[in-house]
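The values are calculated or read from the model by the stated rules, or taken from the named source; none is laboratory data. Quick caveat: nothing in here was measured; it's all calculated off a predicted structure. Ideal geometry is used to build each Cβ from the backbone, glycine not excepted, and the neighbour counts take in all protein chains shown.
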Amino acid sequence: MVTPGRAAEEQVKELRRANEILLASASFFPEQGKWLASVVRGHLAYYAVPGNSGAISAFRRQVGRLWLHALRRRSQRHRMTWKRMERLLARWIPPSRISHPYPEVRFDVRTQGRSPVR
C-alpha cells in the first residue's frame, strides 16, 4: 500500500526528473509539449482517483511552472509571459480530471438473469 508520504515523495521525484530533462534539452515546444503531456497523462492515469483532485491539479500546475522556468532560461531576455504559457498549457498539457469512478460505483456489478459465476 502506498502511504500519503510515499506518494508525495514519488511525485516530487517525477517532477525533479521532468525538470532536469527540460533544462537539459533545447528542443522546441511541440517536442517538449508531447513529452510533458505523456508525463502528465501517466500521472493522471494512476493518481486521478476521487478525492485527489487538489493534488492532481497541483501536479499539473507545477509541471507548467517548471516548463515556464525552463523556457525562460533559454535567453537573457525572456519573452515568455504567464499569459502565453497558459496558452501553451491549454494546447499541450491535458486538463486534470478525475478519471476513475468511486469504488462503490466500480464494484457495483449487476448481471442480467443468472450469474455466470456459480
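Filter the stretch 12-27 down to the residues that are part of a helix (DSSP H, G or I) and at pLDDT below 75 and list them by number. Step through it out loud before you land on a result.
Kept after step one, since they are part of a helix (DSSP H, G or I), are these residues of the stretch 12-27: 12-24.
Matches in the stretch 12-27: Asn19, Glu20, Ile21, Leu22, Leu23, Ala24.
Would you pick out the residues in the stretch 33-46 that are closer than 15 Å to Val63 by Cα and either of a type in the set (Ser, Thr, Tyr) or at pLDDT below 85 (or both)?
If the condition is that a residue be closer than 15 Å to Val63 by Cα and either of a type in the set (Ser, Thr, Tyr) or at pLDDT below 85 (or both), then Ser38 is the only one that fits.
Out of the residues in the stretch 74-88 meeting the condition of being closer than 21 Å to Ala37 by Cβ and among the basic types (Lys, Arg), tell me which one is modelled with the lowest pLDDT. Before the answer, list the steps.
As a first pass, look at the stretch 74-88 and keep what is closer than 21 Å to Ala37 by Cβ: 74, 80, 82-88.
Now narrow it down to the ones that are among the basic types (Lys, Arg): 74, 83-84, 87.
Values: Arg74: 76, Lys83: 93, Arg84: 90, Arg87: 92.
Among those residues, the one meeting the criterion is Arg74.
Output the residues belonging to the stretch 35-69 that are farther than 16 Å from Glu14 by Cα and not hydroxyl-bearing (Ser, Thr, Tyr).
Val49, Pro50, Gly51, Asn52, Gly54, Leu68, His69
Hey, among the residues in the stretch 89-118 that are part of a helix (DSSP H, G or I), aliphatic (A, V, I, L, M) and modelled with pLDDT of 90 or more, which one's surrounded by the most Cβ atoms within 10 Å (Cβ to Cβ)? Walk me through how you get there before you give the answer.
We begin by selecting, within the stretch 89-118, every residue part of a helix (DSSP H, G or I); these are 89-92, 103-106.
Those still in the list that are aliphatic (A, V, I, L, M) too: 89-90, 105.
Okay, now just the ones that are also modelled with pLDDT of 90 or more, so 89-90.
Values: Leu89: 22, Ala90: 9.
Restricting to residues being part of a helix (DSSP H, G or I), aliphatic (A, V, I, L, M) and modelled with pLDDT of 90 or more, the top hit is Leu89.
From (1) in a helix (DSSP H, G or I); (2) surrounded by 15 or more Cβ atoms within 10 Å (Cβ to Cβ), pick out the condition that doesn't hold for Pro30.
Of the numbered conditions (1) in a helix (DSSP H, G or I); (2) surrounded by 15 or more Cβ atoms within 10 Å (Cβ to Cβ), the odd one out for Pro30 is (2).
Could you please find all residues in the stretch 67-84 being in a loop (DSSP other than H, G, I, E, B) and surrounded by 14 or more Cβ atoms within 10 Å (Cβ to Cβ)?
Residue satisfying the conditions is Met80 alone.
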